[in-house]
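Down below is the structure, laid out as structure tokens.
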Amino acid sequence: MLVDGKWTKDWQPVQGTDEKGGFVRQVSGFRHFVTPDGAPGPTGEGGFPAEAGRYHLYVGYICPWASRTLMARKLKGLEEVISASVVEPALTDQGWRFGDYPGADRDALNGATYVHELYSRADPHYTGRATIPVLWDKERGTIVNNESADIVRMLNSGFGDLARSDLDLYPEDLRGEIDVLNDAIYPALNNGVYRAGFATTQGAYEEAFWDVFGMLDRLEERLSGSGPYLFGDRLTESDIRLFVTLVRFDAAYHGLFKCNLRRLADYPALSAYLMTMLAVPGVRETVNIDHIKRGYYSIKALNPAGVVPVGPDLPGLDPVG
């Protein structure tokens, strides 16, 4: 991690633990918003107006949080407005690295080798982990935001006329319901799989384990009675947030993270939902199963030998991305 802007020790998956030995995720440190007129957003300072070509996304196919933003960028038609770079899948001792692995990029914009160099450039005294996604402002040479939930929201509405107007991922009439559903899915499932995988006590693991499968059961029931999306026929940010976890479940979380009560393939409605999401134009292009497996199974604390499983056979997805 970085301490006062300097890399101090090797990357570790566990960011912190609570009194029960449970996994605690770091709070994002950059929370500014791009807005159509450059006015301040819900958090942070202003001065980040929507402009084509000004902003750059640093992402990784392995990371569900980064993939949220990659999906939103694609769905809102912002590929020509916001450039992007993809990190290599394997996590190194210095965290996320740029390079030549198939499907990854070098950092042509800032010339960084590791993502943590971007954090030090944005804040020479930054202390914390260097995470993805990162939304970078080319003009000011700094990080706008590194919180995926914020970035998805600004990609939906912060770029004004530069983005598609026929798809609203956070429609006003559903915002209350979306927030409630997001707040339920995140701790139990999105972060729940990490709480299970990185738990340091049996009690913390089992608590997370049952949260994961309790939420999957609830979502299976919800989608069995309606659909094709979480809010009927309207695709929203909640679908993005759920999809990125589901598409990784059988490939990584079931085995490596010990979430092995059932596979996603054992849930008919959730499996059908996954295929529905993959059929949305542009979504499949944001998924790379090879990166996902190579990334998760590169975590030395969970898989010291670094052996990457050949399976599973995932309908509708190429095993090599």
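The values are calculated or read from the model by the stated rules, or taken from the named source; none is laboratory data. Predicted model, so just to flag it, every value in this text is computed and none were measured. When we count neighbours, we look across all protein chains shown, and the Cβ atoms used for this are built from the backbone with ideal geometry, even at glycine. Note: accessible area is taken over every heavy atom of the protein model, side chains too, but ligands, DNA and RNA are not part of it. Shrake-Rupley method; radii C 1.70, N 1.55, O 1.52, S 1.80 Å.
Tabulated results
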read-out	value
Within the range 69-87, tally of residues that are in a loop (DSSP other than H, G, I, E, B) and touching a helix residue (DSSP H, G or I) at 6+ places or on another chain (Cβ under 8 Å)	6
Any hit, the range 229-242, residues being part of a helix (DSSP H, G or I) and over 19 Å from L219 (Cβ atoms)	no
Residue in the range 135-162 that is most open to solvent (accessible area, probe 1.4 Å), counting only those that are in contact with a Pro (Cβ under 7 Å, 6 or more places away or on another chain) and either over 18 Å from H56 (Cβ atoms) or in a helix (DSSP H, G or I) (or both)	G160
Filter result (among the charged types (D, E, K, R), open to solvent by 60 Å² or more (accessible area, probe 1.4 Å) and under 26 Å from R73 (Cβ atoms)) within the range 163-212	R164, D166, D168, E172, D173, R175, E177, D183
Cβ-Cβ under 7 Å pairs, at least 6 apart or on other chains, the range 109-121 side closer than 15 Å to D10 by Cα, far side buried (at least 20 other Cβ atoms within 10 Å of the Cβ) and not hydrophobic (A, V, I, L, M, F, W, C)	Y114/G95; Y114/R97; V115/Y58; V115/G95; H116/G95
Residues of the range 114-128 satisfying the condition of being open to solvent by less than 40 Å² (accessible area, probe 1.4 Å), at negative phi and either within 21 Å of the chain's Cα centre (by Cα) or among the hydrophobic types (A, V, I, L, M, F, W, C) (or both)	V115, H116, L118, Y119, A122
Hits in the range 51-65 - residues which are in contact with a helix residue (DSSP H, G or I) (Cβ under 7 Å, 6 or more places away or on another chain), open to solvent by less than 10 Å² (accessible area, probe 1.4 Å) and under 18 Å from G158 (Cβ atoms)	L57, Y58, V59
Evaluation of R262 against (1) more than 20 Å from V152 (Cα to Cα); (2) in a helix (DSSP H, G or I) (one fails), failing number	(2)
Inter-residue pairs, beta-carbon under 6 Å, first more than 13 Å from A90 (Cβ to Cβ) and in the range 300-312, second charged (D, E, K, R), 6+ apart	P312/D250
Matching option when the condition is modelled with pLDDT of 95 or more and among the charged types (D, E, K, R), among R25, R73, R31	R73
Sole residue being more than 27 Å from A199 (Cα to Cα), of a type in the set (F, W, Y) and either out of contact with any strand residue (DSSP E or B) (no Cβ under 6 Å at 6 or more places or on another chain) or crowded, with 20+ Cβ neighbours inside 10 Å (or both), chosen from Y297, Y273	Y273
In the range 270-315, residue nearest to G60 (Cα to Cα) [restricted to those that are of a type in the set (S, T, Y) and in a helix (DSSP H, G or I)]	T286
